[in-house]
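Below: the structure, in structure tokens.
Values quoted throughout were computed directly from the atomic coordinates according to the rules given, and no laboratory measurement underlies them. Remember, it's a predicted structure, so these values are computed and weren't measured experimentally. Note: ideal-geometry Cβ built from the backbone for every residue, glycine included; neighbour counts use all protein chains shown.
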Amino acid sequence: MFEQAADSAGPNWKFWLILAVILVALLSGLIWLLRMTQMPLKSFSGQFAPLSAEETETSKRLSEHVNYLSVTIGERNLAKAETLEATADYINNNLQQSGYSVTEQSYSVQGHQVSNLEAKLVGSDSGGRTIVVGAHYDSVINSPGANDNASGVAAVLELARMFHGSKPRRTVRFVLFVNEEPPYFQTESMGSLVYARQLRRDQVPVAAMISLETIGFYSDEAGSQKYPDLLGLFYPTRGNFIGFVGNPSSRALLRTAVRKFRATTSFPSEGIAAPQQWPGIGWSDHWSFWQEQYPAIMVTDTALFRYPYYHTPYDTVNRVDFARMSRVVNGLRRLVESIANED
């Protein structure tokens, strides 16, 4: 009789154990997802105020940069090597006009000399940790690259102009990278990887790297924003926000950036700290800094998850919303200023 009772209790005990394990696993997974997706403060919602005079001027200047890069120069890559040279000249001239001396980090790829370009704003604590604000200036083959990534280049040029003459605590490096696009993406010839490795060799401490990647396209239409599997459960369906993207190691920087942006800027924003292997998470120059164990994030309109003209001949200047982009860039100015003046 006792044996029969034990036999009848055994399967029941195993069932509850398995159920408990499943529930713990589900709860752990939910906590993990919330840790990745939940950011400080609330994203802005509601109507925009009219552009300020400063934002209007920024919008105009951003438009001039993107027009020159995507229309006057057009496609920018080693398939048309002269276009990379023309782009580097344009960047160099603009940074010099803003009052900077430009450092070129040149290296050889397939018999061509290519260059990263850096403008450095030396902080009062020149021996402390530096901030890197960067964007790639090449475009994919057969695309004028207005949003990807003339928008990011224009933002870096304008941020550099805005900051010149200031004296932040930390040194800020404004860097334009070559060879982010295929076939050089995540290879030894990727400009940002060459740059990040040199920082590591020079033992330069980096507090934050901010990669500006495809930041000019926005839509208020429901369903305009797509996501990899499951992430759509946590984020809006309208592609009207700017995204902040990091990996788990950069989560502290990511949360700081989102908090500072939301505290100072009336523009919708979302953030995620996910494994770099996930689709889209490591798809820009911040990836290179992760390889050198530097904290780095990407600021983006989410590119192919929203932008139907991504990596096509139709990535043209008329797709870029310069008014919204100006709001974002001025928000980034306040964000970088705050991080650059931290202890």
Discussion item. For Trp287, Trp278, which order do you get if you count the other beta carbons within 10 Å of each Cβ and list the fewest first?
Written reply: Trp278, Trp287
Item to complete: Take each of the peptides 41-48, 317-324, 66-73, 296-303, average the number of other beta-carbon atoms within 10 Å over its residues, and list them starting from the highest.
Response: 296-303, 66-73, 317-324, 41-48
Worksheet item: Along each of its three principal axes, how wide is the spread of alpha-carbon positions in the range 40-340, in whole angstrom units, largest first?
Response: 48, 44, 41
Item to complete: Determine, for Met190, Met162, the number of other Cβ atoms within 10 Å of each Cβ, and report the residues in order from fewest to most.
Response: Met162, Met190
Worksheet item: What are the principal axis extents of the Cα atoms in the range 43-154, in Å, biggest first?
Response: 51, 42, 28
Worksheet item: Taking a threshold of 32 Å on the Cα-Cα distance, which of the pairs Lys60/Lys80; Lys14/Lys226; Lys120/Lys226; Lys60/Lys167 fall above it?
Response: Lys14/Lys226; Lys120/Lys226
Worksheet, complete the sentence: Any residue on another chain or 5+ positions along whose placed amide H is under 5 Å from the amide H of Val109 is listed here as Val114
Response to the item:
The extension gain from Gln38 to Asp202, computed as 0.36 nm times the residue separation minus the Cα-Cα distance, is 55.5 nm
